[in-house]
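The structure appears right after this line, and notes come after that.
The values are calculated or read from the model by the stated rules, or taken from the named source; none is laboratory data. Note that the structure is a prediction, hence the values are computed from the model and not measured. Note that we place each Cβ from the backbone using ideal geometry, even for glycine, and neighbour counts take in every protein chain shown. Surface areas here come from the heavy atoms of the whole protein model, side chains and all, with no ligands, DNA or RNA. Shrake-Rupley method; radii C 1.70, N 1.55, O 1.52, S 1.80 Å.
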Amino acid sequence: MTLLVDIHAHVQFSAFKDDADEVIRRAIEAGVKMIAPSSEIRTARRAIDYAEKYPDDIWAAVGLHPIHLKAAHFDGGGEDSPAFETYGAHYDEAEWRPLAEHPRTVALGEVGLDYVDRLSVSEEDRALQEATYRQQLDLAIELHKPVIQHCRSGPVAGKPRDAHEDALAILAAYVPQGLRGVAHCYSGTLEQAHRYLDLGFSLSFTGLITYNSAWDGVIRDVPLECIMVETDIPYMTPVPHRGKRNEPIYVRYVAEHIASLKNKPFDDVAAQTTENAKRLFALPI
Ligand SMILES: [Zn+2]
């Protein structure tokens, strides 16, 4: 069976509260291994619970997502974008460290910068995001675990700001200390993609690429050795299941789309992206 590693599957999110085990079973039967990243402390603990329950198929990533540093309500837009609340979390390393050190935790994530409009990010908010990001990068280096980076550009203090420029500047100081990682749901330019690669980072793509051609050029250009695949369930459902809740088995459509853009056999894309995930996260597969 062709193995795929969905490096970003929030199986522990409430969208799956009634049927997570069925969704996971379908993935396992289809040869899909999963990394479950967290957004805040509760979903970090639940990610580890799932990683313990499915030791051969799920691994946890724990981190405080920047969106949770400020309280806001996000309206949903259907099964593939459920509504959610953020609550103004405070990053307390004493609370996070044991989760990050946990043997089922293979990475720190999601960590990064998020300037989405809905958060009305002020300069103080941005500075707090950066400080929290840096604290988690320090921990990743200390624990020799990679990071899963989330970045979204948007307005800061009312002016458009490129989150990838900020992230690249921050990472440049950490990579020489041994930091490794992946830019998840890659949303930057081709030029920025090469700067991530120069830093030794990989890029990963979601089902977004099946209905938005903005990153076709990046995917064609970047070596397959630097690419991973993910779903970001329950979000970003690929064609042909748009509008429905996403699930890990659909990671296949992401790999197929990459194969068509790169004009390579699906099996080569599956094998190489699996190898890339295995290497970065030290997965025993
Ligand atoms: Zn995510």
Positive minus negative residues near Ile58 (Lys, Arg vs Asp, Glu; Cβ under 15 Å): -2
Share antiparallel - DSSP beta bridges, the chain, percent rounded to 5: 20 percent
12 Å beta-carbon shell around Gly78, net charge (K/R +1, D/E -1): 0
Efficiency of FRET between Glu124 and Arg279 - r from beta-carbon atoms, R0 35 angstrom, step 0.05: 0.35
Centre separation in Å (Cα based) which lies between the stretch 80-103 and the stretch 205-252: 25 Å
Cα-only Debye scattering, the stretch 204-244: base-10 log of I(q)/I(0) at q = 0.14, 0.28 Å⁻¹: -0.32, -0.99
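Please give the charge dipole size of the chain, origin at the Cα centre, charges +1 on K and R Cβ atoms and -1 on D and E Cβ atoms. Round to the nearest 20 debye. Before the final figure, lay out each step's value.
Values: 29 positive and 43 negative charges, 59 e Å.
Once rounded to the nearest 20, the dipole reads 280 debye.
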Viscosity 1.567 mPa s, 4 °C: Kirkwood-radius Stokes-Einstein D of the stretch 115-265 over Cα pairs, µm²/s: 79 µm²/s
Cα→Cβ-extended label distance, 7 Å offset, between Glu95 and Arg26, nm: 3.4 nm
Rounded accessible area per residue of the chain, 1.4 Å, Å²: 40 Å²
Net charge of Cβ neighbours under 10 Å - reference Gln192; Lys, Arg +1; Asp, Glu -1: -2
Gain on full stretching of the segment that runs from Asp198 to Met1 - 0.36 nm per residue minus C-alpha separation: 67.6 nm
Estimated FRET transfer efficiency when R0 is 41 angstrom, pair His73-His144 (beta carbons, to 0.05): 0.60
For the chain, built as a Gaussian network whose Cα springs stay under 10 Å, the top-fluctuating residue of Leu137, Leu208, Leu197: Leu197
Separation in nanometres of the label points that stand 7 Å from Cα toward Cβ, at Ala169 and Thr189: 1.6 nm
Candidate lysines for bridging to Lys145, where Cα separation is under 17 Å - those fewer than 8 sequence places away on the same chain excluded: Lys278
Surface share of carbon and sulfur [accessible, 1.4 angstrom probe, percent] for the stretch 4-281: 51 percent
MRE, 222 nm, helices only [DSSP H, n ≥ 4, -39500 (n - 2.57), over the chain, to nearest 500]: -12000 deg cm²/dmol
Measure of compaction for the stretch 198-267 (Cα Rg per 2.2 N^0.38 Å): 1.07
Extension gain from Asp221 to Lys264, taking 0.36 nm per residue of separation minus the Cα-Cα distance: 14.2 nm
Gyration tensor over alpha-carbon atoms, the chain, equivalent ellipsoid semi-axes in Å: 25, 21, 20
